[in-house]
1. Suppose every Lys and Arg Cβ carries +1 and every Asp and Glu Cβ carries -1, with no other charges. What dipole size does segment 5-134 come out with about its Cα centre, to the nearest 20 debye?
2. Checking the table Lys3/Lys103; Lys20/Lys102; Lys74/Lys103; Lys108/Lys144 against a 22 Å threshold on Cα-Cα, which pairs fail?
3. Amide H to amide H under 5 Å from Ser4: which residues, 5+ apart in sequence or cross-chain, H placed 1.01 Å off N in plane?
4. Only residues of segment 265-283 count here: report those whose backbone N is under 11 Å from the spot 7 Å along Cα→Cβ of Phe252, or say none.
5. Out of segment 20-104, which GluC sites (Glu not before Pro) are coil in DSSP terms and have no more than 16 other C-beta atoms within 10 Å?
6. Determine how large the accessible area of Phe242 is when every protein chain is in place; take a 1.4 Å probe and give Å² rounded to the nearest 10.
7. What is the sum of charges, Lys and Arg at +1 and Asp and Glu at -1, for the other residues whose Cβ falls under 15 Å from the Cβ of Thr117?
8. With θ set to phi - 60° and the Karplus curve 6.51 cos²θ - 1.76 cosθ + 1.60, what are the ³J(HN,Hα) couplings of segment 81-94 in order, to the nearest whole Hz, using x for Gly and Pro?
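The values are calculated or read from the model by the stated rules, or taken from the named source; none is laboratory data. Keep in mind the model is a prediction, meaning the values are calculated, not measured. Positions of Cβ are generated from backbone atoms using ideal geometry, with glycine treated the same way; all protein chains shown enter the neighbour counts. Ligands, DNA and RNA are stripped out before the accessible areas are found, and what is left, the full protein with its side chains, is counted by its heavy atoms. Shrake-Rupley method; radii C 1.70, N 1.55, O 1.52, S 1.80 Å.
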Amino acid sequence: MTKSELFVSVVFVADNCVEKLINLIEEVSPYLDMRYSDYEIVIIDQKSSDATENEMDKLLSTYQSIRYLRLAQKVSNDVALAAGIENAIGDFVVVLNVETDKKELIEKFVEMGRLGTDIVIGTSTKITSVSYRCLRILSNRLLKSIGYTLPSNSTGSFCLSRRAVNAITESGRFYCKLHMRMANTGYSIGALNYEISQDEVKKRTVSQGLAETFHHMVFNSTKPLRWMSAVGILGSGLSLMFSLYSLLINIFHNQVAEGWTTIVVFMSLLFMLLFTMLSFFGEYLARLLDDRSEHKEYNVVFEKNSSVMINENRQNVIDDSVQTNINLSQTGRDK
């Protein structure tokens, strides 16, 4: 088999799944070595409490091109994925789910990316329940209103070209906005639908769907805050209308309790002032959030690399000035 000269990075996020991780690496490492002249396996350890760290020492002395990064504390899945993407150096970065994905997906992802799709999202209908799919219809409309346009029924696995990675990671603000940045790079986005074994499927529930929607809307946009500001303006308008209504009742209807009109008008005007102030505070807070300073949201305790080189002739360079493989995504080394 002729090896492709593409540099492929495969990212795994490990969270107390040492057995599945070991089995997957034992399959993926020779699989990559047979197909690509340059590759790496990047493992982001979510400070697992099982034997992951000890077992990784054995794998690093057996397999080449493994990079193991153990985080100082467990972080959200978006941040862990961002850590893997930021530390990967390949022409294409493939993120796989340790629990469900197979090694054959790597070549499918890379091939689709090579043909011009910079962002390939893995999808499967088996990961969602009927109630989740019904909720997703409403959720999609809300998410599209803030610019989130990634394919539905995502499995969490995806492939990014190098230029897509660069566009996503160009600032330190992407850690909790990973998927939104993916949707807004401007590069082509495609879906790769594949089957997941029924035994490995963990279907998403309605509560998970609500949590995902809330997470994406709050962390990826200030629009919800501005919507609340609009509600505040609406509330102030209603308070003003109610105060005017109270005055009209007092003028045209004599049977009104003494002091009622004064109290209602006074309280309505106060509520109008309060709602107006809250709407302005919300808008200023939204602007501050938009302009907040860059910062890292994860820390690496240490990094370990493979201590073996099985193929001594392997070099991280292109042999020929002209490649036979067509790469429409223009990863940077073969423009």
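1. Values: 13 positive and 22 negative charges, 84 e Å.
Here the size comes out at about 400 debye.
2. In this structure, Lys74/Lys103; Lys108/Lys144 exceed 22 Å between Cα atoms.
3. Tyr36, Ser37
4. Flagged as within label range: none.
5. Working: sites: Glu26, Glu27, Glu40, Glu53, Glu55, Glu86, Glu99, Glu104; in loops: Glu99.
Within segment 20-104, the qualifying GluC sites (Glu not before Pro) (loop, at most 16 other Cβ atoms within 10 Å) are Glu99.
6. 90 Å²
7. Working: positive: Lys108, Arg114, Arg162, Arg163; negative: Asp91, Glu107, Glu111, Asp118.
So the surrounding residues net to 0.
8. 4, 4, 4, x, 5, 5, 8, 7, 10, x, 5, 10, 10, 10
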